[in-house]
Amino acid sequence: MAALIHATRDGRIPGEVALVLGENPDAPALSLSRELGVPTTAAPLREWGSLLQSHDVEWLCLAGFLKLLPADILFMFGPNILNIHPALLPKFGGKGMYGHHVHEAVLAAGEKVSGC
């Protein structure tokens with residue numbers, strides 16, 4: 001999350017982080033985003049569509065998101081959704097495949113290519 005915020009602020013990624021959403025108010029991404037002055041909201045997933053619209057969000061970046069998006073959000077953003085899961089899906093996806101677990105599994109499998 002911090003890397004995305006910093007990259008938009010220093011011009012490596014055009015645009016800005018308009019809102020950081022999560023369901024858990026104690027999520028580290030929300031705390032960090034608040035510290036960096038980015039608007040944050042903890043809300044149930046069913047409320048995200050209206051929150052994203054109210055902040056004029058044009059692109060949705062899924063960073064550490066471990067659930068399926070509701071249909072209304074998929075229709076709202078269509079091709080403007082970027083999932084930055086740290087492995088080429090569907091390989092190394094699914095239950096337990098997040099953070100360092102993904103990287104360890106990729107290395108253990110001897111894969112030569114990985115990424116988001």
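Rule-based calculations on the coordinates, nothing more; no lab input. Owing to the predicted nature of the structure, the values given are computational and were not obtained by experimental measurement. Here Cβ is always computed from backbone atoms with ideal geometry, including for glycine, and neighbour counts include all displayed protein chains.
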Item checked: residue 12 paired with residue 35, simple spin-label distance in nm, labels 7 Å along Cα-to-beta-carbon -> 1.9 nm
Note to self: Calculate the FRET efficiency for residue 100 and residue 43 from the Cβ-Cβ distance with a Förster distance of 35 Å, rounded to the nearest 0.05.
What the structure shows: 0.80
Notebook entry, point to check: Setting aside same-chain residues fewer than 8 positions from residue 67, which aspartates and glutamates have a Cα under 20 Å from its Cα?
Noted result: 23, 26, 47
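For the chain, what is the convex hull volume of its Cα atoms per residue in Å³? Numbers along the way, then the final one.
On the way: hull volume 13.9 nm³, N = 116.
So the per-residue hull volume is 120 Å³.
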Check: Most mobile of 58, 16, 104 per a Gaussian network model of the chain (Cα springs, under 10 Å)?
Finding: 104
Check: Taking H as built 1.01 Å from N, whose amide H comes closer than 5 Å to the amide H of residue 82, not counting residues under 5 places away?
Finding: 60, 61, 62
Checklist line | Set of lysines near residue 112 by C-alpha distance (under 23 Å), chain-local residues within fewer than 8 positions excluded | finding: 91, 95
Check: In whole Hz, what ³J(HN,Hα) sequence does the range 91-98 give by Karplus (6.51, -1.76, 1.60; θ = phi - 60°), x for Gly and Pro?
Finding: 4, 6, x, x, 4, x, 9, 8
